[in-house]
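Novice: Structure below; questions to follow.
The values are calculated or read from the model by the stated rules, or taken from the named source; none is laboratory data. What you see is a predicted model; the values in this text were computed from it and never measured. Here the Cβ positions follow ideal geometry from the backbone for every residue, glycine too, while neighbour counts run over all protein chains shown.
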Amino acid sequence: AHPDMSDFLGLPITDGDEIIGALFLANKQCPKPDGGCGFTAEDEELLSILAQHAAIALTNARLYERSRELTIAE
């Protein structure tokens with residue numbers, strides 16, 4: 001069972017047109033009395049940057065593994 005979500009922000013991790021993963025954030029904590037404040041455009045921009053970096057890392061890992069497989073096959 002998942003806890004209740006009051007806030008949610010999710011973006012795909014893409015390599016070109018291919019979706020290779022996703023990043024999700026939930027239940028943003030803020031110093032307000034009720035503890036919630038929702039995600040902002042700045043939060044979405046930051047998550048987008050993180051998704052871009054994750055895409056680069058995942059693509060590089062795929063390329064490295066493929067290169068290693070080809071080297072072993074030779």
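Novice: Taking interchain pairs and intrachain pairs at least six residues apart, which have beta carbon atoms under 6 angstrom, with the first residue in segment 57-74 and under 13 Å from ILE13 (Cβ atoms) and the second among the β-branched types (Val, Ile, Thr)?
Specialist: Sorted first by the residue in segment 57-74, then by its partner, the pairs are LEU58/ILE20.
Novice: Inspect segment 36-59 for any residue being farther than 30 Å from ASP4 by Cα, among the hydroxyl-bearing types (Ser, Thr, Tyr) and part of a helix (DSSP H, G or I) and give the result as yes or no.
Specialist: yes
Novice: Next question, about the same structure. Go through (1) at pLDDT below 90; (2) touching a helix residue (DSSP H, G or I) at 6+ places or on another chain (Cβ under 9 Å); (3) among the charged types (D, E, K, R) one by one and return the number of the condition LYS32 breaks.
Specialist: Of the numbered conditions (1) at pLDDT below 90; (2) touching a helix residue (DSSP H, G or I) at 6+ places or on another chain (Cβ under 9 Å); (3) among the charged types (D, E, K, R), the odd one out for LYS32 is (2).
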